[in-house]
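Everything on this sheet refers to the single structure shown next.
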Amino acid sequence: MLQHHMWYCYHGAVDTELRQCRDEGRDVSALEQKATAINIVAPVTEEEYNIVMSMVDELEALPLPEHPTYIEPDDLEAIHACAAPRREAVPYDKEALVDRIHGAWIGRVTGCLLGKPVENRSREYIRKIAEADGNYPITRYLRGQVENPTNDPFFDDPNFKYNCFAEKLEGFSPSDDDTNYTTLALTVVEQYGRDFTSDNVVEAWLRNFPAWVLCTAEQAAFRNFLCHILPPRSGYVRNPYREWIGAQIRGDLFGYINPGDPCAAADMAYRDACCTHTRNGIYGEMFIAAMIAESAVSSDVRHIIETGLACIPQKSRLKEAIDRVLAMYDEGLAFMEAIGRIHEQYPQEELHNAVHTIPNAMIVATSLLWSRGEYTTALGYSVMAAMDTDCNGATVGSIVGMLCGAGQVPAHFTDPICDTLRTDIVGNTLVRISDMAARTMKLIR
């Protein structure tokens with residue numbers, strides 16, 4: 001089984017590192033031919049692993065450009081200097097916040113479940129699956145009981161059906177990394193307080209996370225932790241996935257506990273993200289955490305997005321990409337036309353794009369803008385757009401759940417999960433979503 005586990009085997013590490021170096025503006029010309037000649041997609045033996053890691057080390061050692069097109073620091077103080085001026089927190093309605101926080105938790109869980117059956121499937125595949133059940137545009141959970149309208153044998157796998165489709169659930173939402181991280185973040189703040197450090201995050205991971213459920217950058221960083229390579233080095237040493245989406249799906253809790261204070265939410269998100277990511281991988285988590293914090297006090301979706309952007313470097317690739325989304329909205333494009341442009345720039349067939357921070361953050365922003373924050377539409381859009389559908393569904397769900405509150409979430413999303421979530425976190429294996437929301441409220445000051 002180990003030989004077939006993608007991320008345990010550093011799947012596509014050399015190709016990903018090569019692409020990552022190009023994204024960062026490094027000159028790869030001296031190593032490109034040598035790197036592309038290494039055709040070991042999933043190193044299994046010790047010899048193959050050493051060959052792959054040696055090549056990754058050589059690529060990582062390439063110097064960054066002296067005069068970069070983008071200004072993308074990893075240090076928090078430098079990020080502050082490159083972001084928009086920081087603003088003070090604004091007051092929030094604590095009585096209303098109880099329902100909003102509960103709604104955000106429900107949104108993360110239900111959005112994740114909505115996108116789970118079609119993660120990294122194409123737009124065409126998703127449309128066929130939904131249309132076969134009379135559910136396109138998507139307004140409810142995808143169902144596995146329809147006849148397979150695709151040639152994908154995975155669709156008919158019993159294990160897949162019982163872990164992804166709502167009608168097969170047994171009274172709870174199944175575990176997923178998108179909900180594991182939110183649950184663990186809650187544990188971190190409960191145990192170490194709001195002033196937790198990156199080292200506290202590492203300790204919590206080692207105590208509470210089974211390594212087997214980690215993917216990409218998180219799997220690479222976990223190995224670094226065990227080798228006593230700690231933050232911030234753990235985010236980039238032998239970590240080709242350092243700007244992938246993993247951190248972007250971890251920042252929700254920090255937004256939940258900082259209503260009206262996006263800068264504080266982004267700073268907390270940084271302390272988490274730098275354990276496993278660099279540059280835009282870090283900014284993705286800061287961006288999402290800040291947006292969620294602002295959605296507790298504002299219903300203006302564009303303002304919420306712009307507030308998130310203010311917390312990250314203004315000359316970063318992520319900021320530039322989300323600005324393009326805002327421009328497409330102002331241009332008056334239809335939703336799927338805008339999504340088409342994102343796919344043209346970041347073809348999903350390339351794994352580096354499908355699970356990268358930037359195109360998925362663009363999908364999150366597009367889903368929010370074009371839906372105007374309406375719960376059902378926003379979740380449906382986030383899945384119809386393809387790429388990392390469970391991640392984007394969960395993130396969009398957090399934001400629109402915070403906007404509308406638990407009382408406004410349609411029952412067809414909440415009924416199948418029975419207020420219950422399964423996780424892989426030690427001590428939190430089966431939890432009530434309402435209890436998680438109540439625990440979150442205790443961390444707000």
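Figure legend. Inter-residue proximity from the stretch 107-120: first residues without any contact (Cβ under 8 Å) to a residue 60 or more places away in the chain, second residues in a loop (DSSP other than H, G, I, E, B) and buried (at least 24 other Cβ atoms within 10 Å of the Cβ), beta-carbon distance below 6 Å, spacing 6+ or different chains. Indicated pairs: Pro117/Leu142. When Asn208 is tested against (1) over 24 Å from Leu76 (Cα atoms); (2) touching a residue at least 40 places away in the same chain (Cβ under 8 Å); (3) exposed (fewer than 15 other Cβ atoms within 10 Å of the Cβ), exactly one condition is not met: (3). When the stretch 271-299 is filtered for residues that are without any contact (Cβ under 8 Å) to a residue 60 or more places away in the chain and assigned to a loop (DSSP other than H, G, I, E, B), the ones remaining, listed by number, are Thr276, Ser298. Among the residues of the stretch 108-149, those identified as modelled with pLDDT under 95, within 21 Å of Arg422 (Cβ to Cβ) and of a type in the set (A, V, I, L, M) are Val118, Leu142. For the residues Gly255, Gly260, Gly251, the requirement of being under 22 Å from Leu97 (Cα atoms) and surrounded by fewer than 24 Cβ atoms within 10 Å (Cβ to Cβ) singles out Gly260. Among the residues of the stretch 407-431, the ones that are at pLDDT 95 or above, more than 16 Å from Leu113 (Cβ to Cβ) and under 23 Å from the mean Cα position of the chain (by Cα) come to 0 in all. Taking every residue in the stretch 22-33 that is more than 14 Å from His352 (Cβ to Cβ) and pairing it with any residue that is modelled with pLDDT under 95, at least 6 positions away or on another chain, the pairs with Cβ-Cβ distances below 6 Å are Gly25/Pro65; Gly25/Pro68. Could you figure out which of (1) surrounded by fewer than 22 Cβ atoms within 10 Å (Cβ to Cβ); (2) more than 25 Å from His352 (Cβ to Cβ) isn't true of Cys215? Cys215 satisfies every listed condition except (2). Restricting attention to the stretch 7-50, the residues that are among the basic types (Lys, Arg) and assigned to a loop (DSSP other than H, G, I, E, B) add up to 1.
Within the stretch 22-34, identify whether any single residue is of a type in the set (A, V, I, L, M, F, W, C), at pLDDT 95 or above and either open to solvent by 40 Å² or more (accessible area, probe 1.4 Å) or in contact with an Asp or Glu (Cβ under 9 Å, 6 or more places away or on another chain) (or both), and answer yes or no.
There is at least one residue in the stretch 22-34 that is of a type in the set (A, V, I, L, M, F, W, C), at pLDDT 95 or above and either open to solvent by 40 Å² or more (accessible area, probe 1.4 Å) or in contact with an Asp or Glu (Cβ under 9 Å, 6 or more places away or on another chain) (or both).
Give the residue that is modelled with the lowest pLDDT, with candidates limited to residues of the stretch 65-80 that are surrounded by fewer than 15 Cβ atoms within 10 Å (Cβ to Cβ) and within 26 Å of the chain's Cα centre (by Cα). Taking the candidates together, the pick is Thr69.
Restricting attention to the stretch 235-248, the residues that are in contact with a Lys or Arg (Cβ under 9 Å, 6 or more places away or on another chain), open to solvent by less than 30 Å² (accessible area, probe 1.4 Å) and either in a helix (DSSP H, G or I) or over 19 Å from Asp75 (Cβ atoms) (or both) add up to 2. Picking from residues in the stretch 409-444 that are farther than 22 Å from Phe254 by Cβ and part of a helix (DSSP H, G or I), the one that is most open to solvent (accessible area, probe 1.4 Å) is Asp415.
Among the residues of the stretch 35-54, those that are surrounded by 11 or more Cβ atoms within 10 Å (Cβ to Cβ) and of a type in the set (A, V, I, L, M) comprise Ala35, Ile38, Ile40, Val41, Ala42, Val44, Ile51, Val52, Met53. The number of residues in the stretch 372-403 being open to solvent by 10 Å² or more (accessible area, probe 1.4 Å) and either touching an Asp or Glu at 6+ places or on another chain (Cβ under 8 Å) or small (Gly, Ala, Ser) (or both) comes to 1. Scanning the stretch 55-64 for residues that are in a loop (DSSP other than H, G, I, E, B) and surrounded by 12 or more Cβ atoms within 10 Å (Cβ to Cβ) returns a single hit, Leu62. Exactly one residue out of Leu318, Leu326, Leu333 is assigned to a loop (DSSP other than H, G, I, E, B), open to solvent by less than 60 Å² (accessible area, probe 1.4 Å), in contact with a helix residue (DSSP H, G or I) (Cβ under 8 Å, 6 or more places away or on another chain) and of a type in the set (A, V, I, L, M): that is Leu333.
The values are calculated or read from the model by the stated rules, or taken from the named source; none is laboratory data. Everything numeric in this text was worked out from a predicted model, so none of it was measured. So basically every Cβ, Gly included, is an ideal-geometry build from the backbone, and we count neighbours across all protein chains shown. Just so you know, the surface numbers come from the protein's heavy atoms only, side chains and all, with ligands and any DNA or RNA stripped out. Shrake-Rupley method; radii C 1.70, N 1.55, O 1.52, S 1.80 Å.
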